[in-house]
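Each value in this text was obtained by applying a stated rule to the coordinates, not by laboratory testing. As the structure is a prediction and not an experimental result, all values here were calculated from the model. Neighbour counts are summed over all protein chains in view; Cβ atoms, including those assigned to glycine, are modelled from backbone coordinates with ideal geometry.
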Amino acid sequence: MSRVNHAVVGVASSAKPASDAVDATLSDTGVYISGSLRNRLVVTLIGGVAALTLLLYVVVRDYAAQIAQQSQDSILRASVSSMLDTAVIRNGIVELDIPHSAFSMLNTAKDDRVFYAIYQDDKLLSGYANLPRSSAQTTPPASTTAVLESALYQGVPIRQITASRLLVAGGKRASVSATVAQTQDALSDTLRAITLKAALYGAGFFSLAVLLSAWVTSSTIRPLRQLANSVARRGPQDLSPLSQPVPTEMVALVSAFNHLMARLEKSFSQSEEFIAEAAHRVRTPLSTVRSHAESTLQRVDKEENRQALRSMIRAIDESSRAATQLLDHAMITFRASQFEYHSIDMVEIVRDIVVRLTPIAQMKDVELRLEGQPKVITLGDPILIQNAVRNIVDNALKYAPSESLITITVRSDPKPTIQVCDQGAGFPENEIKNLTRRFARGSNAAGTIGSGLGLTIAKDVADAHTGTLNISNQTSGGACVIFSL
Ligand SMILES: Nc1ncnc2c1ncn2[C@@H]1O[C@H](COP(=O)(O)OP(=O)(O)OP(=O)(O)O)[C@@H](O)[C@H]1O
Ligand SMILES: [Mg+2]
């Protein structure tokens, strides 16, 4: 378990932001965070959509206003030209017979008021004298082009058209100009309705676009989240490459991750192999030295020398035990990273260990009692579990007093569990949480041969099976270790 954790800590501590300018916060997991992709996407998409909606609204409204204005203008143009068409010079006098249709064509649903003024040169012939005069009336009539203007008349906005016509008859020339103006109540109503509709369509378009952006954001983020979940769900020993399909943009990230995993796997297995090889090489000469020391001890009489030889044998035993445990630990670590689940009977594994350790137990006058169910079938790696349980029972034999009882209970309910309880002094209470660390030995272990790896092995095996190792003291006295899968 510790392997991958070391790797993660390493990455986190070196993952500082590239420059101080980067606005990053440190998360609980030790990773620097610079904003959220989801928020960035949502803000960009919704901001863009809002700007587009506003633009669309303004364009639609202006275009509609222009169309509405054009239709009023063309009626005004028809009205003024129907007036001017009737202008004639009769007997030297300018006459106009304003047709009824010139006004009736301007009828609107809102009964807009119509004003007109007809001038011969600068003289008002008919109509409203105070109607604002346009430039077309004040300048000499060079053409018959109509001039359209928006103005205020009697405090009300009006649209007016002015056109003029040059009459020539019997040697007389006269310039006649006509202005027709109309209030804009109906037009304002139309514009208000169009504006409201444009706003409603805009709001609908905006809501749809917001939904669409939410969907786009979540479907863009989904592969990232799935990848993060599948990495987070991995067992601590799992260094296998990621095999799930990912979008093209994530290929570089996943392949970098897979390369890293491959390098880690290689370097771990190399270091475990190295430890195993080193332990093996140390153990062999140690046993030779031990047998020499033992035989010398038989032959030496001087107490001083005998004492030195005994210390030497003990030191050799310590080193040999450490080498054995290191070898086991390396094997466990290697196997835990790539084991396959088999159907196993935990009771059979425990019974086998009890048989093997019974001679040692008998030497100490300790009884090993197997209790619980007759069969507990589960899935696991038999070699790993055997190693873990052997270390736990070995501890009970080492740290429990002679003439005591060690109870090993195997149960399947609520989960496959092996419980080993002894009648010794128990774990040193304030050291319990550290005892599963590598090379950690309790204060009660002084004088007992050991290397501090037994509980580490048991815990690593439990972790590899996604199980737990619980160590505690019984209220009635004695240590109790619960290994569950
Ligand atoms: N049954 C027990 N009763 C009391 N203390 C225990 C018991 N089992 C373990 N301990 C304490 O936990 C410590 C760690 O145990 P662990 O098995 O990891 O190491 P060890 O027994 O010292 O060495 P080895 O690697 O040879 O097993 C021991 O040193 C001891 O202090
Ligand atoms: Mg031990």
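Under 5 Å between amide hydrogens, built in the peptide plane, is the criterion, and for L125 it picks out I118, Y119, Q120 among residues at least 5 positions away or on other chains. Neighbour counting of Cβ atoms within 10 Å sorts the residues Y119, Y341, fewest neighbours leading, into Y341, Y119. Where the alpha-carbon atoms of the range 33-233 are placed on the principal axes, they occupy 107, 32, 26 Å, in descending order. Between the C-alpha center of the range 150-166 and that of the range 350-416 there is a gap of 109 Å.
What Kirkwood hydrodynamic radius, in Å, does the range 358-456 give when the mean of 1/r is taken over all pairs of distinct Cα atoms and then inverted? Result for the range 358-456 stands at 14.6 Å. Taking the centroid of alpha carbons for each part, the range 31-94 and the range 311-337 are 87 Å apart. Less than 5 angstrom separates the built amide H of V156 from none of the residues sequence-distant by 5 or more or on a different chain. Helix 185-232 sits at what angle to the longest principal axis of the chain, using alpha carbons and giving 0 to 90 degrees rounded to 10? Tilt of helix 185-232: around 10 degrees. At 1.567 mPa s and 4 °C, plugging the Kirkwood radius over alpha-carbon pairs of the range 234-338 into Stokes-Einstein gives what diffusion coefficient in µm²/s? Using the Kirkwood radius from Cα pairs, D works out to 75 µm²/s.
Counting lysine pairs in the chain that sit 8 or more residues apart in sequence, or on different chains, and whose Cα atoms lie under 21 Å apart gives 8.
One equal scatterer on each Cα of the chain, no solvent, Debye formula: the resulting log10 I(q)/I(0) at q = 0.12 Å⁻¹ is -1.11. Contact order for the range 33-233, expressed relative to its length and based on alpha carbon pairs under 8 Å spaced 6+ residues apart, stands at 26 percent.
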